[in-house]
Amino acid sequence: MAVISEYEEEPAVDASLPPAAASAPLKYSQVAAAAASALAPEASSSGKHDDLLGQLLQQHKGQPFELLRSVFDFLGRKTDALGSQLLESRLQDIVASVKDQIAKKRELEAASVGSKAVPQVEKKVEPVKQDAVVQEKAAPVVVAETNGAKDAKVVKSEDVPASSDDKDEAEDSSSKGLAPNSGNGADHEKYSWTQTLSEVTVHIPIPPGTKSRAVSCEIKKKHLKVGLKGQPPILEGDLYNPITVDDSLWSIEDGKTLAVLLTKSNQMEWWKNVVKGEPEIDTQKVEPENSKLGDLDPETRQTVEKMMYDQRQKAMGLPTSEEKQKQDILKNFMKQHPEMDFSKAKMC
């Protein structure tokens, strides 16, 4: 389905509610009301179930599709709605109707606001050149490798005298890219990003209380532009690889973070950055969580484990699984033909 991020226009949790009410488990009657609200286009615009739906969305960690999955699971167990022959056409009509209502609401809001610009953020952050970011992050790695110190301090390269060997090592380290963060992505000045084999998630800090109507986000197959209306884009450029637009979306988390979820078209490859031109990470150091591997089917898991093994072997300068297989074949052939001279044999 297409982007449905406008559902995040109101905060996920009503500030007037006590903490216990925001986190308490919801009863079946409440879920039924939420299901009816989610599937009835005439109710979606009223907003009378926003607090309840906000609690449900929070319990699903801000993932809209997981909330829909729970709603359909409930309907399948408690009603015969999923057995209807008109289910698919009915769902298409509902989605189309909701989109139309949201579009009309936007037009009305735009007309009422007029030409007023979104207030500028009071706290301005001076832009930092990409080269400086890469240099400061790469420098500690060089110091740690040459001195063998675990708690190396961040120092500028011009403050550290280096031999020719150290320079070569630093250049080789910087050419591979930054060390990935805990989410296999990178942390930058204005945003951070994480990734799995199937998805990339970008997190952008925004002023607390920012409404979804103040967000400008364009998600295309090969291009991304995201920021706040009336201000320069926070992140813009051609994507590292194509994405599936229909499975990508954005939402506001905790009222202060703009999250953009990008679904990769090729779900067997690690990204080095989100948009081209940004600092790249060293994908050879990417380490997926073991728990995530258990969610894959056997064939895909075997492929991922082989890829991870080959990355570690290359990083240590050792033969990959394919190269080892070729070496084993050559050894067996040499045993079977001892009369032959293999001194000049080369692996292709």
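Of the residues 269, 305, 236, 323, the single one that is among the acidic types (Asp, Glu) and either under 18 Å from residue 194 (Cβ atoms) or loosely packed, with under 11 Cβ neighbours inside 10 Å (or both) is 269.
Exactly one residue out of 276, 272, 229, 222 is in contact with a strand residue (DSSP E or B) (Cβ under 6 Å, 6 or more places away or on another chain), over 26 Å from residue 57 (Cα atoms) and in contact (Cβ under 8 Å) with a residue 40 or more places away in the chain: that is 272. Among the residues of the stretch 311-327, the ones that are of a type outside the set (S, T, N, Q) and in a helix (DSSP H, G or I) come to 7 in all. Residues in the stretch 160-187 that are surrounded by 19 or more Cβ atoms within 10 Å (Cβ to Cβ) and at pLDDT 90 or above: 178, 180, 184, 185, 186.
Of everything listed in (1) touching a Pro at 6+ places or on another chain (Cβ under 8 Å); (2) assigned to a helix (DSSP H, G or I); (3) more than 26 Å from residue 178 (Cβ to Cβ), the single unmet condition for residue 308 is (3).
Six or more apart or on different chains, Cβ atoms under 6 Å: show the pairs whose first residue is in the stretch 316-340 and free of Cβ contacts under 8 Å to residues at least 60 places away in the same chain and whose second is among the aliphatic types (A, V, I, L, M). Between residues of the stretch 316-340 that are free of Cβ contacts under 8 Å to residues at least 60 places away in the same chain and residues that are among the aliphatic types (A, V, I, L, M), the close pairs are 326/347. Checking residue 284 against (1) part of a helix (DSSP H, G or I); (2) farther than 28 Å from residue 315 by Cα, which test does it fail? Only one criterion is unmet by residue 284, namely (2). The residue pairs whose first member lies in the stretch 61-75 and is within 15 Å of residue 249 (Cβ to Cβ), whose second member is acidic (Asp, Glu), and whose beta carbons are closer than 7 Å, counting only pairs six or more residues apart or on different chains, are 62/253.
In contact with a Lys or Arg (Cβ under 6 Å, 6 or more places away or on another chain), at pLDDT 80 or above and closer than 27 Å to residue 187 by Cβ: is that true of residue 280 in this structure? Spelling it out, residue 280 is indeed in contact with a Lys or Arg (Cβ under 6 Å, 6 or more places away or on another chain), at pLDDT 80 or above and closer than 27 Å to residue 187 by Cβ.
This table checks each residue for (1) closer than 16 Å to residue 194 by Cα; (2) within 24 Å of the chain's Cα centre (by Cα); (3) not charged (D, E, K, R); (4) not assigned by the TED database to the domain that holds residue 199.
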residue: 246; (1), (2), (3), (4): no, yes, no, no
residue: 255; (1), (2), (3), (4): no, yes, yes, no
residue: 280; (1), (2), (3), (4): yes, yes, no, yes
residue: 319; (1), (2), (3), (4): no, no, yes, yes
residue: 345; (1), (2), (3), (4): no, no, yes, yes
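Scan the stretch 190-214 for residues that are out of contact with any helix residue (DSSP H, G or I) (no Cβ under 8 Å at 6 or more places or on another chain) and farther than 30 Å from residue 179 by Cβ and the total you get is 6.
The values are calculated or read from the model by the stated rules, or taken from the named source; none is laboratory data. Everything numeric in this text was worked out from a predicted model, so none of it was measured. A quick note on method: Cβ atoms are made from the backbone with ideal geometry, for glycine too, and the neighbour counts reach across all protein chains shown.
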